[in-house]
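The values are calculated or read from the model by the stated rules, or taken from the named source; none is laboratory data. Since the model is a prediction, treat every value here as computed from it, not as a measurement. For neighbour counting, all protein chains shown are included, and Cβ atoms are generated from backbone atoms with ideal geometry for every residue, glycine included. In case anyone asks, the SASA skips ligands and DNA or RNA and just uses the protein heavy atoms, side chains included. Shrake-Rupley method; radii C 1.70, N 1.55, O 1.52, S 1.80 Å.
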Amino acid sequence: MSTADGATIVSGREGTDPRRGSARALRWGAGTALRADLRLFGSEFGLHLVRRRNWAGVGVLLSVPIILAVCVKVTSDGNTDGAGPGFLTAVTDNGLFVALAALTMELPLFLPLAMATICADTVAGEANTGTLRYLLVVPVHRTRLLIIKYLAVLVAFTGALLLLVVVGWAIGTALFGGGSLTTLSGEQISFWAGVGRLLLVCLYIDVCFAGLAAIGMFVSTLTEQPLAVVIATVAVATISQVLDTVPQLSSIHGYLPTHHWMAFADLFREPVALGSIRPGILSALAYAAIFLSAAWARFGDKDITC
Amino acid sequence: MSVSSAVQAAGEADGGCAVRTHRLTKRFRSGQVAVNAVDLAVPRGSVYGFVGPNGSGKTTTIRMLLGLVRPTAGRHELLGLSMPRQAGRVLPAVGALVEGPAFHPYLSGPANLRRLDAVDRTADPRSAGPRIGAALERVGLSSAGNKRYRNYSLGMRQRLAIAAALLRPRDLLILDEPTNGLDPQGTREVRSLVTRLSQEGVTVMLSTHLLSEVEQVCTHVGVMRTGSLIAQSSLAQLRGSTATGVRVETSCPQAAAAVLIECGLGGVVPGPGVVQADLGPYEPEALVVALVRAEVPVRGFTCVQPTLEELFVSLTGEGFDVDG
Ligand SMILES: Nc1ncnc2c1ncn2[C@@H]1O[C@H](COP(=O)(O)OP(=O)(O)OP(=O)(O)O)[C@@H](O)[C@H]1O
Ligand SMILES: [Mg+2]
């Protein structure tokens with residue numbers, strides 16, 4: 001059955017004639033399209049889930065809050081001055097700060113590495129195994145594939161981030177207790193307000209990494225070597241952080257992709273300081289838009305010769 | 001209208017070609033012209049053998065047909081619809097095998113097929129299970145069960161790729177070396193599968209190096225040589241167009257050669273105990289009479305039809321070097 005836009009959908013051709021059959025066609029509509037997109041999304045997300053390598057990576061991410069909490073507990077004299085934006089010193093106050101301290105420690109390298117690894121699997125990985133050519137002749141529109149792959153990467157990363165925060169919070173609460181907590185600016189907020197702030201932090205980091213993911217996807221469309229994608233993406237994040245520490249370059253600091261990442265700490269002030277959160281979000285969205293467009297332009301008419 | 005009937009209606013307007021290319025050309029960025037102004041015409045319902053030496057541009061042509069590689073010049077239609085503009089409509093009716101199998105190594109065969117089916121927005125998820133089962137059954141992989149793809153043997157991988165091409169009912173199959181890596185049993189099964197599909201009305205275009213395969217299953221052939229299509233016709237026509245030879249076994253080759261030359265035959269080559277010549281327009285019966293009248297002791301007289309292999313070599317040259 002064909003409709004205005006000429007799209008057609010066939011659901012097998014079960015019927016009397018084994019091949020032509022009575023072509024039972026579904027009417028093409030928004031619902032069918034959405035269901036098909038969700039199915040593709042599920043498949044992409046599933047690919048991230050079934051890779052043991054990815055779970056090993058999650059294990060590394062989760063080891064940080066555990067090691068951190070245990071170390072602070074056994075050297076319990078509380079002498080932890082001078083690390084991160086003040087979270088490490090607060091760890092013994094409230095278990096929630098273990099999650100925040102772990103985020104602070106993993107933000108410069110481990111989280112970019114995790115993001116780079118799953119971005120590498122999307123296009124470069126599929127080109128490397130040759131599965132990309134079979135996907136495209138199914139057929140699937142290249143733009144649709146790219147967008148859904150991007151969304152699957154974001155959701156997979158969010159999952160890892162939430163796991164990290166939950167594990168950090170759980171071990172922190174077990175070792176140091178929970179209850180109400182003191183923000184970085186000194187006020188008391190309730191436990192549930194603290195949990196809410198923690199979720200806001202995750203959301204903010206997620207938005208920041210949506211920019212990095214777009215860079216990773218773009219690099220992924222340039223090469224057939226997943227490792228090259230990992231190296232290039234991590235290099236971008238690292239070089240950006242290095243440049244961010246050079247005072248002579250202060251005029252470009254605001255444009256660096258990682259410049260606003262640490263601003264998540266501002267969400268733990270009372271009242272919440274949006275001064276650097278808002279530019280952080282705008283910067284990440286700009287990076288996402290630019291590099292997704294570049295990835296689209298590159299992937300859209302790339303010769304698939306692998 | 002279903003995909004197949006839409007595609008069919010369009011195809012009939014095209015003089016019944018499942019694949020039609022017009023001066024299709026690919027020049028790679030390296031400057032190499034891998035495919036040069038190729039005009040393929042694969043009739044509907046045919047089994048089209050696409051042959052040529054290594055590096056002659058078969059795979060590159062197939063990639064262009066499927067929209068994986070953008071031609072630098074020329075255009076083409078699949079099932080009567082122009083590519084790549086109508087790829088979304090025509091490719092669901094096309095099953096393809098391109099340069100060997102490729103799957104996710106850490107997924108099982110069925111999981112890999114489920115993945116491919118999930119990508120197809122026009123496939124019904126409810127019928128996925130039975131369709132995957134039927135496709136695996138057709139290539140004899142049902143018993144491989146849930147083994148991971150990385151543990152598959154070469155032949156199993158090849159079979160899985162064919163199963164992927166058969167995941168839905170197709171109108172056209174484009175198979176790049178489908179029997180590569182298969183055991184003799186598997187090769188025979190693929191051959192009979194192709195024949196069966198062809199009987200069901202599917203057009204099959206297969207690239208191969210095995211001329212015996214072409215001889216056994218193909219109705220049409222196209223021969224590539226350094227990027228150009230140097231011959232294309234039905235198998236019967238190709239055979240009809242070639243010169244039949246005669247071969248005379250005799251103890252007096254010189255005398256026999258003299259008689260044949262006298263009769264007007266060309267290409268006479270006397271050898272030890274045998275004379276060969278091109279038959280040309282002459283009647284073999286008359287030649288035998290002439291030989292006997294001249295008292296040449298004839299032990300044997302045969303008309304030789306060149307094998308497809310000889311034909312192929314005469315078209316593509318003797319050299320062992322790859323094209324390119
Ligand atoms: N991506 C590419 N860049 C440059 N040249 C290429 C590329 N892909 C293929 N070629 C060249 O194009 C020519 C044709 O290659 P192709 O793979 O189409 O040959 P083929 O007929 O399939 O050979 P075979 O029988 O060995 O599979 C070769 O000379 C090859 O080197
Ligand atoms: Mg090839």
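Summary of values
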quantity	calculated
Residue in segment A:183-194 that is within 24 Å of the chain's Cα centre (by Cα) and either within 14 Å of another protein chain (Cβ to nearest Cβ) or open to solvent by less than 10 Å² (accessible area, probe 1.4 Å) (or both) present	yes
Residue in segment B:74-89 that is within 16 Å of ligand 1 (Cβ to nearest atom) and surrounded by fewer than 21 Cβ atoms within 10 Å (Cβ to Cβ) present	yes
Single residue of B:L167, B:L229 found to be touching an Asp or Glu at 6+ places or on another chain (Cβ under 8 Å), away from ligand 2 (no atom under 16 Å from the Cβ), assigned by TED's automatic domain parsing to the domain that holds B:V119 and touching a residue at least 12 places away in the same chain (Cβ under 8 Å)	B:L167
From the options B:S46, B:S56, residue that is touching a helix residue (DSSP H, G or I) at 6+ places or on another chain (Cβ under 9 Å), more than 10 Å from chain A (Cβ to nearest Cβ) and within 16 Å of ligand 2 (Cβ to nearest atom)	B:S56
Segment B:146-161, subset away from chain A (no Cβ under 12 Å) and under 15 Å from B:E177 (Cβ atoms), residue surrounded by the fewest Cβ atoms within 10 Å (Cβ to Cβ)	B:L154
Evaluation of B:V90 against (1) in contact with a strand residue (DSSP E or B) (Cβ under 9 Å, 6 or more places away or on another chain); (2) within 16 Å of ligand 2 (Cβ to nearest atom) (one fails), failing number	(2)
Segment A:34-71 - residue that is among the basic types (K, R) and in a helix (DSSP H, G or I) and, of those, farthest from the chain's Cα centre (by Cα)	A:R35
Residue under evaluation A:I239, criteria (1) free of Cβ contacts under 8 Å to residues at least 60 places away in the same chain; (2) touching a helix residue (DSSP H, G or I) at 6+ places or on another chain (Cβ under 6 Å), criterion not met	(2)
Meets criteria (aliphatic (A, V, I, L, M) and part of a helix (DSSP H, G or I)) for A:V219	yes
Leading residue by the ranking (nearest to the other protein chains (Cβ to nearest Cβ)) among those in segment B:88-122 that are among the polar types (S, T, N, Q) and not in a helix (DSSP H, G or I)	B:T122
Some residue of segment B:181-197 being within 14 Å of chain A (Cβ to nearest Cβ) and within 18 Å of B:P43 (Cα to Cα)	yes
Qualifying positions in segment B:184-211 - touching a helix residue (DSSP H, G or I) at 6+ places or on another chain (Cβ under 8 Å), hydroxyl-bearing (S, T, Y) and not in a helix (DSSP H, G or I)	B:S207, B:T208
